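Heads up, the thing below is written out as structure tokens.
Read-outs throughout are calculated quantities, based only on the coordinates presented, and are distinct from any laboratory measurement. These numbers come from a predicted model, not from an experiment. No Cβ is skipped: glycine too gets one built from the backbone with ideal geometry, and neighbour counts run over all protein chains shown.
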Amino acid sequence: MRCAESKIKPNKNMVNANYLKYALLTESLQKQIQSNANMSTMKYIGVGKIGQLKIVLPPISIQEIFSVFVEKIETIQEKQQDSGNEITTLFSGLMNEAFTGELIA
């Protein structure tokens with residue numbers, strides 16, 4: 001079975017794509033999407049209804065600042081995740097060595 005899919009192509013002079021992505025994830029927009037979704041085996045919202053969503057759109061300059069800020073936060077989160085994984089790996093290795101008698105001073 002094939003699924004119809006449409007991409008949202010925002011007007012770059014009006015909305016920053018990264019801003020739109022996060023706006024669509026907010027609770028208020030998720031509620032709007034759910035209430036406008038057609039009911040079937042899988043919920044979907046038509047392109048026409050997407051255009052009817054009420055989205056807060058600050059000036060594009062503010063959206064750009066938001067986007068840069070979010071990208072910086074995502075980079076920090078990725079680095080923290082990598083550090084956490086490394087710490088877990090090192091700790092597991094230490095425990096293994098300590099409890100198998102391989103740990104030496």
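Stretching the chain fully between Leu57 and Leu103 yields a gain of 10.7 nm (0.36 nm per residue, less the alpha carbon separation). Considering only Leu94, Ile104, Phe66, and ranking their Cα positions along the charge dipole of the chain that arises from unit charges at the beta-carbon of Lys, Arg, Asp and Glu, the one farthest toward the positive end is Phe66. Rounded to the nearest 500, the helix-only mean residue ellipticity at 222 nm of the chain stands at -19500 deg cm²/dmol, with each DSSP H run of n ≥ 4 adding -39,500 (n - 2.57). If the segment from Ile76 to Tyr22 were pulled out straight at 0.36 nm per residue, it would be longer than the present Cα-Cα gap by 17.7 nm. Three principal axis extents of the chain based on alpha-carbon atoms, in descending order, are 68, 41, 24 Å.
Using r as the Cβ-Cβ distance of Lys7 and Leu90, and R0 as 41 Å, what FRET efficiency do you calculate, to the nearest 0.05? About 0.45, to the nearest 0.05. The mean sequence separation of alpha-carbon pairs under 8 Å and at least six residues apart, normalised by the residue count of region 17-99, gives a relative contact order of 25 percent.
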